[in-house]
1. Which residues, taken from the stretch 9-39, are in contact with a Phe, Trp or Tyr (Cβ under 8 Å, 6 or more places away or on another chain), part of a loop (DSSP other than H, G, I, E, B) and not hydroxyl-bearing (Ser, Thr, Tyr)?
2. Output the residues belonging to the stretch 120-149 that are open to solvent by less than 30 Å² (accessible area, probe 1.4 Å) and within 20 Å of residue 191 (Cα to Cα).
3. Can you report the number of residues in the stretch 121-146 which are in contact (Cβ under 8 Å) with a residue 24 or more places away in the chain and either of a type in the set (S, T, N, Q) or farther than 29 Å from residue 9 by Cβ (or both)?
4. Can you run down the residue pairs with Cβ atoms below 6 Å, 6 or more apart or on separate chains, where the first is in the stretch 275-291 and among the small types (Gly, Ala, Ser) and the partner is open to solvent by less than 20 Å² (accessible area, probe 1.4 Å) and at pLDDT 95 or above?
5. Would you call residue 181 open to solvent by less than 50 Å² (accessible area, probe 1.4 Å) and modelled with pLDDT under 85?
6. Just wondering, is there one or more residues in the stretch 260-278 that are at pLDDT below 90, over 22 Å from residue 126 (Cα atoms) and part of a helix (DSSP H, G or I)?
7. Go through the stretch 184-208 residue by residue and tally those that are in a helix (DSSP H, G or I) and open to solvent by 60 Å² or more (accessible area, probe 1.4 Å).
Amino acid sequence: ENCSMDLSAQPNYYEYGSDNSAGCWVTNYVLSTCIFVYVVCLWARRGTATLPRSRRSKRNGLGSLGSVASDTSKATFASHTTTRTHNQAEEVRRRGASVRYQHTRSFFVAKYLMLFISVLAAGFVHQGIFASAGDVDDGDNVLLGAITEITSVVAGACTVCCAVSLLRLNKIVYVIAALAGVVGSVWVVFLDDSFTISRALGGFVPDVVLIIAICIGAWSCCCGKVAVPPEDQDIDDFGPFSQSATLCIFGALVIFIGAFVQVTLGNMCGVPCPKDCPLPAPMFNHNALFHLVQAVGMGLSAKGMDKVCRSLEVQRYNEMLVLGIGKQ
């Protein structure tokens, strides 16, 4: 049967794991740029959670830097400061300490940083900067493909650590997750279907674990629930923890839906004759669409996780004030 879009002479377009279309590698770079922006924004906002305006105290010199968790804590805090500058420095120091005690944001940023490297390396393969475009078995593309898969699996380990930190489980789980990530990232490279397995271990499975952890933190009635006082839930754009959790989960679901569409359209767009593809293939195909959907989903998840982390940082900040940690 004759095909008006015969691409049988371009196996690097339609073979499994390959795609040399411009739409694919251009959107790879778009996605990696978006991820890098998310990383910068998430890291820049670490430890910046402020307490409610109703509990800020200008008289003791805190101003826009925030206030203390209660009148008792306020009095205790003020007794250890004598000037506006001293007060501000103490507040900043305490907030910095709260970040050291709360690692959820760090693990989530590490996940996005690994995905940035993974997506960028994939873009180099698809564009063919160092070897044949889209040919995953040619020259330097083999190494770039290994980097893509390894960093993807490591990102999954960071996601699991993020879930562990959110639920404040025993830190030995960090070690287990980290070791599993290292072993898995090396092991997956030598598998026959390493591309699919790395996506499962680095994306779908860890994301499900994180979603479960967020659900426990938001809606459980017992262990693991994130206990942010109601009066701390009206902080600027903060909102209740459940709203933050919902946004984060919605972002993950957007990515899952995008992946489902990618696989579904692959049978029509990623073939030697993509005439039935609803997208303008081969220039813009199922992979290009998924990259854009993933950028949106990761942006929503980043916004939600920023709010989730702010909840955790406020919770830890309040605990530190009650315990008197960080006093002069």
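The values are calculated or read from the model by the stated rules, or taken from the named source; none is laboratory data. These figures come from a predicted structure and were not determined experimentally. Reconstructed Cβ throughout: ideal geometry from the backbone, glycine too, with neighbour counts over all protein chains shown. In case anyone asks, the SASA skips ligands and DNA or RNA and just uses the protein heavy atoms, side chains included. Shrake-Rupley method; radii C 1.70, N 1.55, O 1.52, S 1.80 Å.
1. Selection gives 17, 19, 20.
2. 121, 122, 125, 134, 141, 144, 145, 146, 148, 149
3. 2
4. That search, which allows pairs on different chains as well, returns 288/27.
5. On the way: open to solvent by less than 50 Å² (accessible area, probe 1.4 Å): yes; modelled with pLDDT under 85: yes.
Yes, satisfied.
6. yes
7. The first filter runs over the stretch 184-208 and keeps only residues in a helix (DSSP H, G or I), leaving 184-189, 194-208.
If we keep only those that are open to solvent by 60 Å² or more (accessible area, probe 1.4 Å) too, we end up with 186-187, 195, 199, 201, 204-205.
Result for the stretch 184-208: 7.
Results for (1) within 17 Å of residue 201 (Cβ to Cβ); (2) at pLDDT below 90, shown as yes or no for each residue.
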| residue | (1), (2) |
| --- | --- |
| 109 | no, no |
| 114 | yes, no |
| 120 | no, no |
| 131 | no, yes |
| 148 | yes, no |
| 155 | yes, no |
